[in-house]
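Structure, as structure tokens:
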Amino acid sequence: MAGASESSQRCRSIIVEDRAGDVVATLPDVSGTASDLQKCLEELIGVPPENQTLWHNRVVLQPGTPLRGLASQDHLHVTLGVLLSPHGYPVRYLDRVTDDGITFYESATPSELGPGVQLWGCGSALAKFFKWREEDPEARGSCRKQHVLELGSGTGVVGLTLARIGALVTHTDVEQHVLDLLKLNVTANGLAANASVHRLSFGDTTTYMRQDYSLIVAADVLYRDGNEQLLSDTLSAYVKAGSDIEVYLGYLNRSDDQLSFFTTVLGSGFCVARFEDSLGNALGAVKGGTLGVYDVGSFVPVSAENVCGAILGACFNVENAHGIQIFRITRPAEQVSTDG
């Protein structure tokens, strides 16, 4: 009987959720203590135990708390909070964990602070794209040790993913509260050695860093009127004709005005290609989507004559319900005329 009683109290699995209710991890039959659970989570998501706080039924679990005694059903639900320090939790922000283990703070609700304090679908899709690339670096290319400039970083999830891979990332944004949020997110992931935060305003050359980058990334940065020309000017400043720099843009078409960005860069000697499957569907995977979505994709050039029609008439894979398009932008050497 004692054995039966003990078995009935043992939970078959522990479901760990973040403070927004999204599942971070599911662990089978962890019958140790809260400290054991924290060590498992450190292995899974890279957050050290001292930066974790666990709750069950709104009660903080002390490290020595036995998990078995908490189980009243098959599954034990535990909430994970990721803290910078016992006194450093920014109450206006919500802590989250991406599918790929990146910890980040974002605004708990749509905020008067603007869109930069929340993670949007383009950020998730582009971060997953780079995580997918790194699964086969010889065939797809690697970002390790590359110097990366992230424009309009917001929460910084794309750049943080690249820094976790091993890239050296410069996160940039323009508003001070977004820069402060970026610094929190860099610290929360223990990536200060690979990631820095700087102010950069599109089109304002006085804010540009005098550094060479091999990769530039940007996700959902064309939501504001006027950004089209300013973003084009910024890319022109960093990507000279004939350079090997690649730009990756996570894009969501919200307005026909945004299309002027593509016509401008194409008119300035850039080449644009979209990541598609063999049927021409634009590929993208947001939270909950698998990296395998990208297995069937390749970059297909988009011509200057057809760029607007291609973007407005885009078809999408089933998993890409958000309508996200991932573009690669390069700037080959200028053609020299041989006419007499």
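For the range 39-60, what are the residues that are under 13 Å from Val16 (Cβ atoms) and either of a type in the set (Gly, Ala, Ser) or open to solvent by less than 20 Å² (accessible area, probe 1.4 Å) (or both)?
Leu41, Ile45, Val47, Gln52, Leu54 - these are the residues of the range 39-60 that are under 13 Å from Val16 (Cβ atoms) and either of a type in the set (Gly, Ala, Ser) or open to solvent by less than 20 Å² (accessible area, probe 1.4 Å) (or both).
Being under 16 Å from the mean Cα position of the chain (by Cα) and part of a loop (DSSP other than H, G, I, E, B) is the filter here; which residues of the range 284-310 pass it?
Scanning the range 284-310 gives Gly284, Ala285, Val286, Lys287, Gly288, Gly289, Thr290.
Taking the range 205-220, which residues are at pLDDT 95 or above and either within 18 Å of Leu179 (Cβ to Cβ) or open to solvent by less than 30 Å² (accessible area, probe 1.4 Å) (or both)?
Hits for the range 205-220 are Thr206, Thr207, Tyr208, Tyr213, Leu215, Ile216, Val217, Ala218, Ala219.
May I ask you to verify whether Tyr223 is modelled with pLDDT under 95, open to solvent by 10 Å² or more (accessible area, probe 1.4 Å) and under 19 Å from Leu200 (Cα atoms)?
Yes, satisfied.
I'd like the full set of residues that are touching a strand residue (DSSP E or B) at 6+ places or on another chain (Cβ under 8 Å), surrounded by 16 or more Cβ atoms within 10 Å (Cβ to Cβ) and small (Gly, Ala, Ser), limited to the range 253-299.
Within the range 253-299, Ala282, Gly284, Gly297 qualify.
Pull out all pairs, ordered by first then second residue, where Cβ-Cβ is under 6 Å, the residues are six or more apart or on different chains, the first lies in the range 130-156 and is touching a residue at least 40 places away in the same chain (Cβ under 8 Å), and the second is in a loop (DSSP other than H, G, I, E, B) and among the aromatic types (Phe, Trp, Tyr).
His147/Tyr213; Leu149/Tyr213
Condition first: among the hydrophobic types (A, V, I, L, M, F, W, C) and closer than 17 Å to Ala218 by Cβ. Now tell me which residues in the range 153-180 satisfy that.
Result: Val157, Val158, Leu160, Leu162, Ala163, Ala167, Val169, Val174, Val178, Leu179.
Which one is farthest from Arg144 (Cα to Cα) among residues in the range 160-178 that are of a type in the set (A, V, I, L, M) and open to solvent by less than 10 Å² (accessible area, probe 1.4 Å)?
Val178
Looking at (1) in a loop (DSSP other than H, G, I, E, B); (2) open to solvent by less than 70 Å² (accessible area, probe 1.4 Å); (3) modelled with pLDDT under 75, which is the only condition Leu94 fails?
Tallying (1) in a loop (DSSP other than H, G, I, E, B); (2) open to solvent by less than 70 Å² (accessible area, probe 1.4 Å); (3) modelled with pLDDT under 75, Leu94 fails exactly one: (1).
The values are calculated or read from the model by the stated rules, or taken from the named source; none is laboratory data. Here the structure is a predicted model, which means the values were calculated and not measured. Counting neighbours? That spans all protein chains shown, and the Cβs are built from the backbone with ideal geometry, glycine included. The protein model used for the area step is the full one, side chains on, heavy atoms only, and it has no ligands, DNA or RNA in it. Shrake-Rupley method; radii C 1.70, N 1.55, O 1.52, S 1.80 Å.
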